[in-house]
Amino acid sequence: MRIYDMDKKCYTEIQKHDNPLTKIEQLSDAMYCYKNSMFKMVYDATQPALVSYINSLDTNILDAEGMQWLYFTSGTTGVPTGVFKTKENSHKQAMALIKTFGDMKFNRVVTTVPFVHIYGIDIGGVVPMVLDIDVWTKENFLPEELVKEAEVEGTLVVTTPVFIKALNRMKNNAKFSKSLFLTSTAPVPIADGREFYENYDCSVLQLFASTETGLMGYKKNDESILKAYDGVKISQKDGMLRVSSPFVTQKIISDGRLKRVESSFQTEDIVEILSVNEFKLLGRSSKLVKIAGKRVSTVQVEDIIESIGGVDAVFIKIRKEERALKDEILDIYVEGSLTLEAKTVKECLKEALGSLHIPFKIYNHKKILRSSVGKKIGFK
Amino acid sequence: MVTTNDLKEKIIAGLGLEDMEPDEIGDDMALFGDDGLGLDSVDAIEITLILEKEFGVKVTNMDENKNIFETPNTLVAYINEQKA
């Protein structure tokens, strides 16, 4: 496997980088570590809350023996979790994914995603390494640029639903019949999957995954039923998906402590189990919104805004805007004497969550309604 | 001739910046990064779609057009140059 730097228009070496900043450096460093079985912590250094959490950890709990990766969730839900993975976990996962490609053969991977989380590294990096094909990437992709790359026969595109939606809205005449798009980080709406396939004569394989579980299931184009990957056991508790996965260890870091968890991980995804390896995603816990691939807890956003003087209570509802690239918008209902301005909210969110532009609309001077146990249930 | 105000109106509508008015965005305000409007990479993609749909202008190559995304002024200059 080689790494092609599309910005510099040249191949770059797989080597150690002590402080990898660019996508190319992140990929190069991660693949060097993987190749040489060197342990590496992987996290998004642009998330201030996450960085300060990691810096506060007792270094003794970062026990790397026998481990390849320690992936951290983004911290935008307020509780970053560290998940240890072995090299074998990543390899098994790559093989399970490759099996779902069927007869399709690829001669390169083009990836739009950064290499600071499980999707970028395990799928955008390890998969091409296992297939021994080149990875092409650049710092920022425009939809038009991705079209050009996807037209090249035998291209496996590792991307996100944002690009699927963007390419659908462009209505380009290009065809990618000898390529395959992989997406993850959020579901592609059924209509978008169908439109993409019809427009571009190309399939989108949607990977359903999380940092805590690795790959869980997949579906193609406008299918509504997810199939679990080989080795992944699915069940449900209280309507939410539980996953037992061979793609992660049971060793995690939670609340600043090293823990061994049950082999079955409880997700926040509401599902209907259809058979031993088939399930339907019905939704997510309504307290989580996905912005640019990051799970953001509305409870955490409520807490952040409630810390502003003059704000007594905040209630957030998630509104769907299907055509927008950022398709989940926060409607923020505010109780208190202050007329809260967007600028103030943006500053507070930036301080807590980093440079993540969250679409929202503020409704001031509302009365937040609570249940008998004090839970916020609505507004008037 | 497209003006910065035309562009700002389209950006506000397209990005769902519902609480903003065009005059709150300076002509030379950085669109991205911590010191300006604070848009991110997904917003950049949305802006390319806005340029195509609203002004009939395509951005096909990031390498050659890095600077056009800096401010409303640079974007408008690019739009008008392409339309000329």
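The values are calculated or read from the model by the stated rules, or taken from the named source; none is laboratory data. Values in this document were obtained by computation on a predicted structure and should not be read as measured data. Here the Cβ positions follow ideal geometry from the backbone for every residue, glycine too, while neighbour counts run over all protein chains shown. The protein model used for the area step is the full one, side chains on, heavy atoms only, and it has no ligands, DNA or RNA in it. Shrake-Rupley method; radii C 1.70, N 1.55, O 1.52, S 1.80 Å.
I'd like to know if the range B:6-27 contains one or more residues that are more than 7 Å from chain A (Cβ to nearest Cβ), at positive phi and either open to solvent by 70 Å² or more (accessible area, probe 1.4 Å) or more than 13 Å from the chain's Cα centre (by Cα) (or both). Within the range B:6-27, none of the residues are more than 7 Å from chain A (Cβ to nearest Cβ), at positive phi and either open to solvent by 70 Å² or more (accessible area, probe 1.4 Å) or more than 13 Å from the chain's Cα centre (by Cα) (or both). Scanning the range A:312-325 for residues being closer than 14 Å to A:LYS361 by Cα and surrounded by 14 or more Cβ atoms within 10 Å (Cβ to Cβ) gives a total of 6. Once the range A:40-56 is narrowed to residues that are out of contact with any Gly (no Cβ under 9 Å at 6 or more places or on another chain) and outside any helix (DSSP H, G or I), the residue that is least open to solvent (accessible area, probe 1.4 Å) is A:LYS40.
Residues satisfying the criterion are absent from the range A:222-236 (criterion: within 20 Å of A:THR73 (Cα to Cα), touching a residue at least 40 places away in the same chain (Cβ under 8 Å) and part of a loop (DSSP other than H, G, I, E, B)).
In the set (1) out of contact with any Ser or Thr (no Cβ under 7 Å at 6 or more places or on another chain); (2) surrounded by 15 or more Cβ atoms within 10 Å (Cβ to Cβ); (3) at pLDDT 90 or above, the condition left unmet by A:LEU274 is number (2).
So which residues in the range A:232-248 are surrounded by 20 or more Cβ atoms within 10 Å (Cβ to Cβ) and polar (S, T, N, Q), if there are any at all? Result: A:SER245, single match. Restricting the range A:147-160 to residues that are buried (at least 23 other Cβ atoms within 10 Å of the Cβ) and not β-branched (Val, Ile, Thr) leaves a set whose member that is farthest from the other protein chains (Cβ to nearest Cβ) is A:LEU156.
Residues being open to solvent by 10 Å² or more (accessible area, probe 1.4 Å), in contact with a Gly (Cβ under 8 Å, 6 or more places away or on another chain) and assigned to a loop (DSSP other than H, G, I, E, B) are entirely absent from the range A:196-207.
Whenever a residue of the range A:182-198 is closer than 17 Å to A:LEU281 by Cα and in contact (Cβ under 8 Å) with a residue 24 or more places away in the chain, its partners that are buried (at least 20 other Cβ atoms within 10 Å of the Cβ) and of a type in the set (Lys, Arg), lying with C-beta atoms within less than 7 angstrom and at least six residues away or across chains, give the pairs A:ASP192/A:LYS165.
For the range A:350-369: of the residues being outside any helix (DSSP H, G or I) and within 7 Å of another protein chain (Cβ to nearest Cβ), which is nearest to A:LEU325 (Cα to Cα)? Here the answer is A:PRO359. Scan the range A:249-260 and tell me whether some residue there is buried (at least 16 other Cβ atoms within 10 Å of the Cβ), within 17 Å of A:PHE208 (Cα to Cα), within 21 Å of the chain's Cα centre (by Cα) and hydroxyl-bearing (Ser, Thr, Tyr). No, the range A:249-260 contains no residue that is buried (at least 16 other Cβ atoms within 10 Å of the Cβ), within 17 Å of A:PHE208 (Cα to Cα), within 21 Å of the chain's Cα centre (by Cα) and hydroxyl-bearing (Ser, Thr, Tyr). Among residues of the range B:54-66 that are more than 7 Å from every other protein chain (Cβ to nearest Cβ), those with a beta-carbon under 7 Å from a residue that is of a type in the set (Val, Ile, Thr) and assigned to a loop (DSSP other than H, G, I, E, B) at least six positions away or on a different chain give the pairs B:PHE55/B:VAL2; B:ASN65/B:VAL59. So in the range B:28-40, with the set limited to residues that are in contact with a Pro (Cβ under 9 Å, 6 or more places away or on another chain) and surrounded by fewer than 17 Cβ atoms within 10 Å (Cβ to Cβ), which one is farthest from the other protein chains (Cβ to nearest Cβ)? The extreme case among them is B:ASP28.
Scanning the range A:196-249 for residues that are among the aromatic types (Phe, Trp, Tyr) and more than 22 Å from A:MET95 (Cα to Cα) yields A:PHE196, A:TYR197, A:TYR200. All told, B:LEU75 meets the bar of being within 9 Å of the chain's Cα centre (by Cα) and surrounded by 19 or more Cβ atoms within 10 Å (Cβ to Cβ).
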